[in-house]
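Structure, as structure tokens:
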Amino acid sequence: TLDDGDPTILSNNITSLLVHDGDVLEVINSLKNAGAEAISVNDQRIVSTTSISYAGNIILINGEKVGAPFVINAIGLPLRLYSSLTMNGGYLSQLQDAGVQVDVKQVEKNTIVIPKYEGVYKYEYARRAE
């Protein structure tokens with residue numbers, strides 16, 4: 001879970017307390033690189049065509065508005081996923097140092113459900129071979 005930091009904490013840069021689209025994308029890429037088989041952010045399934053973009057004080061994922069806190073779920077080898085996120089000096093460690101609230105939990109299997117992708121796969125240039 002990634003959540004905006006407490007604005008009452010004295011900080012030289014208030015935007016460092018906020019979770020940005022790049023932060024969410026960095027965590028997703030770390031999970032993919034660690035072998036995650038399925039990933040979701042606030043019940044938005046991450047697929048190969050998923051777009052993640054900044055839109056004011058929210059983030060758009062698959063065209064849907066998603067706000068903090070960002071609950072990122074992943075299915076894969078638990079120890080490998082957990083280690084990729086919690087390594088010393090890793091990206092989540094840097095976010096915590098900047099004041100972002102970070103909570104990483106490893107849960108037992110069969111308790112995480114990743115919803116199916118509800119969007120439409122749209123390919124502009126791909127064509128069926130004849």
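The values are calculated or read from the model by the stated rules, or taken from the named source; none is laboratory data. These numbers were taken from a predicted model, which means no experiment stands behind them. Note: ideal-geometry Cβ built from the backbone for every residue, glycine included; neighbour counts use all protein chains shown. Remember, those area values only see protein heavy atoms, side chains included, never the ligands or the DNA or RNA. Shrake-Rupley method; radii C 1.70, N 1.55, O 1.52, S 1.80 Å.
The figures follow:
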{"quantity": "Identified option (computed semi-axes √(5λ) of the Cα gyration tensor in Å; candidates (1) 30, 14, 14; (2) 25, 21, 12; (3) 27, 19, 13)", "calculated": "(3)"}
{"quantity": "SER51/ARG128 FRET efficiency (R0 25 Å; Cβ-Cβ; nearest 0.05)", "calculated": "0.50"}
{"quantity": "Long-range lysine pairs (8 or more apart or interchain), the chain, Cα under 19 Å", "calculated": "4"}
{"quantity": "Region 1-111, accessible area per residue, ligands and nucleic acids excluded (1.4 Å, Å²)", "calculated": "60"}
{"quantity": "Pairwise label distance in nanometres, LYS32 with ASP6, each label 7 Å out on the Cα-Cβ vector", "calculated": "3.5"}
{"quantity": "Of TYR123, LEU18, TYR54, farthest towards positive along the dipole that unit charges on Lys, Arg, Asp, Glu beta carbons give the chain", "calculated": "TYR123"}
{"quantity": "Loop-exposed trypsin sites (Lys or Arg not before Pro) per DSSP, neighbour cap 11 Cβ within 10 angstrom, longest uninterrupted part of the chain", "calculated": "1-104"}
{"quantity": "Where labels lie 7 Å past Cα in the beta-carbon direction, separation of ASP103 and LEU60 in nm", "calculated": "3.0"}
{"quantity": "Using alpha-carbon coordinates, inclination of helix 21-33 to the longest axis of the chain, degrees", "calculated": "60"}
{"quantity": "With every protein chain in place, the chain: carbon and sulfur % of accessible area (1.4 Å)", "calculated": "49"}
{"quantity": "Extension reserve of the LEU79-TYR121 stretch, reckoned as 0.36 nm per residue once the Cα distance is removed", "calculated": "11.9 nm"}
